[in-house]
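Sharing a structure, written as structure tokens. Questions coming.
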Amino acid sequence: MRSQARCLNLAFVATLIATGAGQPRAAILQSVRDNPSVAFVHVTVIDGTGAAARPDQTVVTSGDRITAVGPSITVRIPPGARVTDATGRFVIPGLWDAHIHTRYEGIDHFRLLIANGITSTRNMSAPWDYLPEILAAREQIAKGERIGPRLLTAGPVLDGPGGRRATSAVVNNADEAGQAVRRVKREGADFVKVYDLLSRDSFFAIAAEARTQALPVVGHLPYAVNAKEASDAGLRSIEHMDGILWASSTREDEIRSMSQESQPNSGSPTTGSRSSPASSRPVSAAFLRDSFSAAKLGAVADRLKKNQTVVVPTLSNYWSRFENRSEHSVVAASDRLR
């Protein structure tokens, strides 16, 4: 347990530093520098393994590592450690938010994430002119110069012509696809994000070049590619549930065609607000419900499991799409994907 605990992210330590119980941030940070050992006594530990909660524990940290976890009656507290009575409170490993967008000018959203126990994040888009700012923030966080979670980031979303996002990088063909992936690598992003309107040739060229560049590919399921094909090509994560719901339908090809035809077709990204997976879609919840196939969902789940493709469902985006509680069964059926 102790060796495992040393590897856990310290959501509770980060929260302590971020919130500071009313103390000035500089004073808290200086206190941690002067005396890096902190002991949380009489706390309930939930270790994230599925084990039962363990009450009346002491957790000792030094710097960014947990050095001891055990019953408060037996754990030795280092001399001079800062002791926090955590009776009635809980500690957990740091949380992941696997799908965030960080463009909120004027708000220290990185600190807000830490204050809510989120110690690792994936930023799902960063246009070329914004990416350097994200990378600078990532470096500052890694050096301890700024409070924030471990940060992984995409570059700009790679999309075909006619997309909704004015901040996307438009990819018209396979040659441009390879160029875009190489630039994502060169500029320092951690992964490539693909989007709705990529052609089949562009998508598979992105996947091939990303393998060459050792970059993960994640994102939306393009309308021109089905879930099994995308997973086989190396798509590491499918963002949102649309593609999974389509793949679970007996009318999948019709749905993907309807979705593609509903998009703007100006030949370049449109200006305006970014799209949402829960809006501007021509396929109703009732349509999905009535054409749902448990057998198709099972086959897709088996393929994703085989290829280790994960689904990031962002289920809160879909609440308004379901007109009554019976239609939630479509989402509930996706439990097999977990």
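The values are calculated or read from the model by the stated rules, or taken from the named source; none is laboratory data. Everything quoted here is computed from the prediction, not taken from an experiment. We place every Cβ from the backbone using ideal geometry, glycine too, and count neighbours over all the protein chains shown.
Taking residue 87, is it hydroxyl-bearing (Ser, Thr, Tyr), part of a loop (DSSP other than H, G, I, E, B), surrounded by fewer than 21 Cβ atoms within 10 Å (Cβ to Cβ) and in contact (Cβ under 8 Å) with a residue 40 or more places away in the chain?
Yes.
If you don't mind, there's one more thing I want to ask. Restricting to segment 228-246, and then to whatever is at pLDDT below 95 and among the aliphatic types (A, V, I, L, M), can you tell me which residue is nearest to residue 289 (Cα to Cα)?
Only one residue fits best here, namely 245.
For segment 147-163, what are the residues that are surrounded by 21 or more Cβ atoms within 10 Å (Cβ to Cβ) and farther than 18 Å from residue 216 by Cα?
148, 149, 160, 163
Here is a yes/no grid of residues against (1) part of a loop (DSSP other than H, G, I, E, B); (2) surrounded by fewer than 16 Cβ atoms within 10 Å (Cβ to Cβ); (3) polar (S, T, N, Q); (4) modelled with pLDDT of 90 or more:
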site: 98; (1), (2), (3), (4): no, no, no, yes
site: 106; (1), (2), (3), (4): yes, yes, no, no
site: 111; (1), (2), (3), (4): no, no, no, no
site: 126; (1), (2), (3), (4): yes, no, no, yes
site: 129; (1), (2), (3), (4): yes, yes, no, yes
site: 134; (1), (2), (3), (4): no, no, no, yes
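Pairs under 7 Å by beta carbon, first residue modelled with pLDDT of 65 or more in segment 275-292, partner part of a loop (DSSP other than H, G, I, E, B) and surrounded by 16 or more Cβ atoms within 10 Å (Cβ to Cβ), six or more apart or different chains?
285/322; 291/251; 292/248
Test residue 151 against the stated conditions and say whether it is of a type in the set (A, V, I, L, M, F, W, C) and out of contact with any Phe, Trp or Tyr (no Cβ under 9 Å at 6 or more places or on another chain).
It is false that residue 151 is of a type in the set (A, V, I, L, M, F, W, C) and out of contact with any Phe, Trp or Tyr (no Cβ under 9 Å at 6 or more places or on another chain).
Restricting to segment 195-230, name every residue that is in a helix (DSSP H, G or I) and more than 18 Å from residue 308 (Cβ to Cβ).
Across segment 195-230, the qualifying residues are 200, 201, 202, 203, 204, 205, 206, 208, 209, 212, 213.
Another question, if that's okay. Can you say whether residue 69 is touching a residue at least 12 places away in the same chain (Cβ under 8 Å), within 29 Å of residue 206 (Cα to Cα) and surrounded by 15 or more Cβ atoms within 10 Å (Cβ to Cβ), as far as the supplied structure shows?
The answer is no for residue 69.
Please go through segment 235-252 and give me each residue that is under 18 Å from residue 198 (Cα atoms) and part of a strand (DSSP E or B), ordered by number.
Across segment 235-252, the qualifying residues are 235, 236, 237, 238, 239.
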